[in-house]
Amino acid sequence: MNAPALKLKERVKELKCLYDISKIAQNKDTSIGILMTKALSILPKAMQFPALAEVCITEGKTSYATNEFKRCKHHITANISHGKNKYGTLKVGYRPSATVASKNLFLVEEKKLIKMVARELSLFIKRARAEENSKLLEIQLQHSERLAFVGELSAGIAHELNEPLGRILGFAQLIKKNAGLNEQQDIDIDKIIKASLYTREIIKKLMIFSRQMPSQISLVNLNTTVSNILYFIDVRFQAREVNIIQKLDPRLPSIQADAVQMSQVLVNLITNAIHALLKGGKITVSTKRRKNDVSLIVTDTGIGMSNEVKRKIFEPFYTTKPIGQGTGLGLSVVQGIIEEHQGKITVTSAPGKGSKFEIILPLKQKK
C-alpha cells in the first residue's frame, strides 16, 4: 500500500474513533464510567499499531486502563480539562516490540487525535457533573421543603398538645397529694405522671426540632456538660453492663452555646449508643481542642449501621427501634441543634463494628 493510501487509512481510523466516542457521549444513559471504559477499547483501533496500543484514563481519583498499559515504556499524554478545571489525563502507549522502532514512535496525527479525544471527554465530564449537581440541588431542595413542612406540622402538634398535657400532669400531681388514695390508685396516678412527663419530653423535642425554642447562648465548657450528664447516666445503665469511658481534653476552651441544648445533644447520642449495645459493651465520650473549634465524640462498640441506615438517621421520625421504643426525633434534634450552633456532625459506622459520632463546634458564633 502506497504512502497516500496509508495516510488515508489512518485518517479514516481517527475519524471513526472520534465518531464512536461522540456517539456514546451523546447517549443520555451514558455515565462517566461507561464512556471511559468504552474509550479504552475504541482508542487502540485508531492508532498506527493497534495490536500494540494500550490506554490509561484517569478521572478524578478513578483510573481506567487496558490490561497491559504498565508495560508501555513510551506514551503520549493529553490533559482532560476545560478552562481552569482539570478532570484527569489521557495516555496512549505502545508495548515494546522487536518489529517497531521506539524512535519517532507516534505520528503527529496521533498526538492531535489524543488531544481531540481528551477534549471530547472533558466536555462530557463537565456536562455530567453539571447534571449531577443539578440533581443534587433538586434533592436538597425537596428535602428542605419536606423538613419545613414537617417542622410546621410538628410545631402545630406541639402547641396543641402542650396545654391539655399540662392540665393532665397538674391534676395528676394534685390527686397524688390526696392522702385518701389506696395502693392501686397511687400506682395508677404514678403511671399517669410518668407517661405525661415522657410525652412532655417528646413535645420538647418537637419544639426544638421545629425551632420553636430559641437558643440561650452563654459560655459552655463541654467537659462540664459531659461530666454532669454521665453522673446520672452511669448509675442508670450499670445493670446493663454498659461501660462508659470519659476522655476529656483538660485544655478544652469554653464555647458560645446553649447549655441545655448541648446537654440534649449528649443525652441523645449516648442514649442511641446504649441502644446499639444489645449485650453490653463500651461507650467512649471524648472531647478535643482544635484550632478554632472543639470536638465532642461519642463512640460505641455496638451493632453498627449499614450505609442505607446511615443515610436516613437524621430524617425526622426515622427509627430502627421497635414500635413504642423510639420517636425517631433524637438525631434530627441533634442535627438541628448543631446546625443552629454553626457546627457539623459526621458519622462513621459499619455493621458489627460500632459507630462514631463526631460533633465539631466553633468557639464563637458568627453573627
Original post:
For residues in segment 217-249 being out of contact with any helix residue (DSSP H, G or I) (no Cβ under 7 Å at 6 or more places or on another chain), farther than 13 Å from Val285 by Cα and part of a strand (DSSP E or B), which is modelled with the highest pLDDT?
Top reply: Leu219
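Out of the residues in segment 1-56 meeting the condition of being assigned to a helix (DSSP H, G or I) and among the basic types (Lys, Arg), tell me which one is modelled with the lowest pLDDT.
Residues of segment 1-56 assigned to a helix (DSSP H, G or I): 3-26, 32-46.
Among the residues that remain, those that are also among the basic types (Lys, Arg) are: 7, 9, 11, 13, 16, 23, 38, 45.
Numbers: Lys7: 68, Lys9: 71, Arg11: 76, Lys13: 78, Lys16: 86, Lys23: 86, Lys38: 90, Lys45: 88.
Here the residue is Lys7.
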Subject >> Hits in segment 343-364 - residues which are within 18 Å of Arg289 (Cβ to Cβ) and in a loop (DSSP other than H, G, I, E, B) >> reply: Gly343, Leu363, Lys364
Original post:
Here are Gly93, Gly83: which of them is of a type in the set (Gly, Ala, Ser), modelled with pLDDT under 85 and under 30 Å from Arg129 (Cα atoms)?
Top reply: Gly83
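Among the listed residues Ile255, Ile270, identify the single one that is out of contact with any Pro (no Cβ under 6 Å at 6 or more places or on another chain) and farther than 18 Å from Gln342 by Cβ. Spell out the reasoning first.
Numbers: Ile255 fails: farther than 18 Å from Gln342 by Cβ.
Result: Ile270 is the single residue among Ile255, Ile270 that is out of contact with any Pro (no Cβ under 6 Å at 6 or more places or on another chain) and farther than 18 Å from Gln342 by Cβ.
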Original post:
Does Lys103 satisfy the criteria of being part of a loop (DSSP other than H, G, I, E, B), more than 17 Å from Glu10 (Cα to Cα) and of a type in the set (Lys, Arg)?
Top reply: yes
Original post:
Filter segment 273-289 for residues that are of a type outside the set (Gly, Ala, Ser) and under 14 Å from Leu230 (Cα atoms); which is modelled with the lowest pLDDT?
Top reply: Ile274
Original post:
What pairs come up if the first residue lies in segment 291-309 and is in the same structural domain as Lys279 (by TED's automatic domain parsing) and without any contact (Cβ under 8 Å) to a residue 60 or more places away in the chain, the second is surrounded by 13 or more Cβ atoms within 10 Å (Cβ to Cβ) and part of a loop (DSSP other than H, G, I, E, B), and their beta carbons are under 6 Å apart, counting only those six or more places apart or on different chains?
Top reply: Asp300/Gly354; Thr301/Gly354; Gly302/Leu277; Gly302/Gly354; Gly304/Lys353; Gly304/Gly354
Original post:
Could you give every pair whose Cβ atoms fall below 8 Å, whose first residue belongs to segment 111-126 and is under 15 Å from Lys91 (Cβ atoms), and whose second residue is assigned to a helix (DSSP H, G or I) and not aliphatic (A, V, I, L, M), counting only separations of at least 6 or pairs across chains?
Top reply: Leu113/Glu14; Leu113/Cys17; Val117/Cys17
Original post:
Based on what the data block shows, is Ile187 of a type in the set (A, V, I, L, M, F, W, C), assigned to a helix (DSSP H, G or I) and modelled with pLDDT under 80?
Top reply: no
**OP:** State which residue is farthest from the chain's Cα centre (by Cα) when the search covers only segment 118-148 and only residues that are at pLDDT 60 or above and of a type in the set (Asp, Glu).
**Re:** Glu120
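The values are calculated or read from the model by the stated rules, or taken from the named source; none is laboratory data. Because the structure is predicted, anything quoted here is derived from the model rather than measured. Using ideal geometry, Cβ is built from the backbone for each residue, glycine included, and neighbour counts are taken over all protein chains shown.
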